[in-house]
Amino acid sequence: PEPEYFTLALRIPGWCEMALVFMDGEELEVAKGYAEFVCPWSDGDEIGLQLDMPIVTHEQDGYVAYQKGPIMLATDARLNAGEELSPAPQYRADLLLENGGVIKLIDYASAGQTWDERSKMAVWNEKR
């Protein structure tokens, strides 16, 4: 079949500091917003998208919150108690703090699942 010309637009989210797009193995330049590609497309063409998702810190009034890409992270009391989390969280991180301490985080959607004091959770935590 003959190649078809059309536009492929990939949204590069504002939280992404660095995005890589590959077309048939070749890296292409992209910017925030939409990466648009107008070219002839053929069967077997491959597009790859890689989004950088570092953990970002948000601070306000002596509290701190953490975000990884679009995912808000939270503390859950079960993490410090060594309790097995069920269901298993989608994302888990032990983050080293400036003072040498460690804060244990999971994705917000997985936090607080027991609905009692055992899984007391918070997105905004006192800065240590």
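Take the Cβ-Cβ distance between E36 and A109 as r, set R0 to 30 Å, and report the resulting FRET efficiency rounded to the nearest 0.05. The computed FRET efficiency comes out at 0.40. List the lysines whose alpha-carbon lies under 30 Å from that of K120, not counting same-chain residues fewer than 8 positions away? Counting by Cα, and skipping residues close in sequence, K120 has these lysines nearby: K68, K104. Considering helices alone, the calculated mean residue ellipticity of the chain at 222 nm is -500 deg cm²/dmol, with DSSP H runs of length four and up weighted by -39500 (n - 2.57) and normalised per residue. Taking 0.36 nm per intervening residue step and subtracting the Cα-Cα distance, what contour gain separates K120 from F6 on full extension? Full-extension gain reported as 36.0 nm.
Over the range 1-96, what per residue volume does the convex hull of the Cα atoms give, in whole Å³?
157
Along its principal axes, the range 57-118 has C-alpha extents of 30, 26, 19 angstrom, given from the largest down. The relative contact order of the range 1-62, computed from alpha carbon pairs under 8 Å that lie at least 6 residues apart in sequence, is 42 percent. Using alpha-carbon positions, what is the distance between the centroids of the range 44-60 and the range 106-128, in Å? Each part's Cα centre sits 24 Å from the other's. In this Cβ point-charge picture (+1 for Lys and Arg, -1 for Asp and Glu), the chain has a dipole of about 920 debye about its Cα centre. Which Cα, out of Y34, L20, I103, lies furthest along the positive dipole direction of the chain (beta carbon charges, K/R +1, D/E -1)? Positive-end residue among those listed: I103. Once you reduce the range 1-33 and the range 77-91 to the center of their Cα atoms, the two points are 37 Å from each other. At an R0 of 41 angstrom, the distance between the Cβ atoms of L96 and L28 translates into a FRET efficiency of 0.75.
A simple packing score, the average count of other Cβ atoms within 10 Å per residue, orders the peptides 26-35, 92-101 as 26-35, 92-101, with the highest score first. Taking label points 7 Å from Cα along the Cα-to-Cβ direction, L20 and S86 give a separation of 4.0 nm.
Throughout, read-outs are computed from the coordinates displayed, never taken from laboratory work. Because the structure is a prediction, the values reported are computed rather than measured. Positions of Cβ are backbone-derived with ideal geometry, glycine not excepted, and every protein chain shown enters the neighbour counts.
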